[in-house]
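> What follows is a structure written as structure tokens; I'll ask about it next.
Here, each number is a calculation from the coordinates, and none is a lab measurement. Keep in mind the model is a prediction, meaning the values are calculated, not measured. Positions of Cβ are generated from backbone atoms using ideal geometry, with glycine treated the same way; all protein chains shown enter the neighbour counts.
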Amino acid sequence: MQRERTLASRVVYDGIGLHSGKPVHIEIAPAPPRTGIQFARIDLPEALPVAATAENVTATLRATTIAAGTLKFFTIEHLMSALHVSGVDNCLVLLNAEEPPVVDGSARTFFRLIAEAGTVEQDAERRVTVIDRVYRVDDGSHFVMAVPYDGLRVSFTSLNEHPLIGVQYYDIEVTPESYGKEIAPARTIAYEKEVAALQANGLGLGGSLETVIVYNDEGWMNPLNFPNELVRHKILDVLGDIRLAGVIRGHIIAVASGHALNTALAKQIAEERKQHDFGHQ
């Protein structure tokens, strides 16, 4: 029997928000069994925390947003990805802003800090979301699905019309070791003109060549960590989004999926799990 886990000690980090461009302080604290992953504001202690669950997703434009009551938090997917693979069932994410620090646009720093803090077993049986049938969400040309698998695996095909990127495919059996080496360092990628348009609208103000991989019609504006960094980052994102349905045991297969489809799949799985006490063991 697997038991739930929480952090052995508190994680503390200071950075900037991807969209706000403002300084952000984050603390990830241990939490009691059966409380799940929750987000709260250090500077608004009277406001109730927001559970990182599929039913609390309110927006998916360029990032995943959760909200409840008076609070909302966006761009949570990189942190959720690191927590998922690190096997953290319960923790309280404390922020003084509406988004975690972007760091370098990957999950590498969060994953390392969680590993350094360590995790401890708790006195509660872990409730794994076991995929025992096919779940699928699509919008015609893009899709994401979950199928039964004894472990956690992701197979992703990304489609990009730019000749520099094109079609990329990556398949990985996800373990802490493989994730730390092959997925966690993969950073957010953006087209130069897209970045300028976002910033003109007050978004992506924390985006720079230190926090995002940028390409234009001539080529890459900063060095890549991997030749196929885009598809690896897509896997990073889907691991964060699907965690909103719980700790997953299954195989995620996707073609050009983004936050909207990923979180729709998480909602589909979570709703069935809730209705039928599905897949808990």
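> Calculate how large, on average over all directions, the projected area of the Cα convex hull of the chain is; give the answer in nm² to one decimal. Write down the numbers at each step before the final one.
On the way: hull surface 56.3 nm².
Orientation-averaged projected area of the Cα hull: 14.1 nm².
> Taking neighbour counts of Cβ atoms within 10 Å as a proxy for exposure, in what order, fewest first, do Leu203, Leu18 appear?
Values: Leu203 18, Leu18 28.
Lowest count first: Leu203, Leu18.
> For region 70-112, max minus min Cα coordinate along each principal axis, in Å, sorted largest first?
Largest to smallest, the principal-axis extents are 29, 25, 13 Å.
> Return the sequence-ordered ³J(HN,Hα) values of region 134-140 in whole Hz as given by the Karplus equation 6.51 cos²θ - 1.76 cosθ + 1.60 applied to θ = phi - 60°, using x for Gly and Pro.
After applying 6.51 cos²θ - 1.76 cosθ + 1.60, I find 8, 10, 8, 10, 8, 10, x Hz.
> Using helices alone, I'd like the mean residue ellipticity at 222 nm for the chain: each DSSP H run of four-plus residues gives -39500 (n - 2.57), total over residue count, nearest 500. It would help to have the intermediate numbers written out before the result.
Numbers: 5 runs with 61 residues, N = 281.
My calculation for the chain gives -7000 deg cm²/dmol from helical runs alone.
> Further question on the same structure: Once the convex hull of the C-alpha atoms of region 90-234 is built, how many Å³ does it hold per residue, rounded to a whole number?
Numbers: hull volume 23.9 nm³, N = 145.
Convex hull volume per residue, Cα atoms: 165 Å³.
> Rounded to the nearest 20 debye, what is the charge dipole size of the chain about its Cα centre when +1 sits on each Lys and Arg Cβ and -1 on each Asp and Glu Cβ? Walk me through the intermediate numbers first.
Working: 25 positive and 35 negative charges, 83 e Å.
Value, rounded to 20: 400 debye.
> Ordered by packing density, taken as the mean number of other Cβ atoms within 10 Å over each peptide's residues, highest first, how do 29-42, 72-85 rank? Don't skip to the answer; put the middle values down first.
Details: 29-42: 18.2, 72-85: 25.7.
Answer by packing, highest mean first, reads 72-85, 29-42.
> What Kirkwood radius, in Å to one decimal, follows from the Cα pairs of region 3-127?
Values: mean 1/r = 0.0691 Å⁻¹.
Kirkwood hydrodynamic radius for region 3-127: 14.5 Å.
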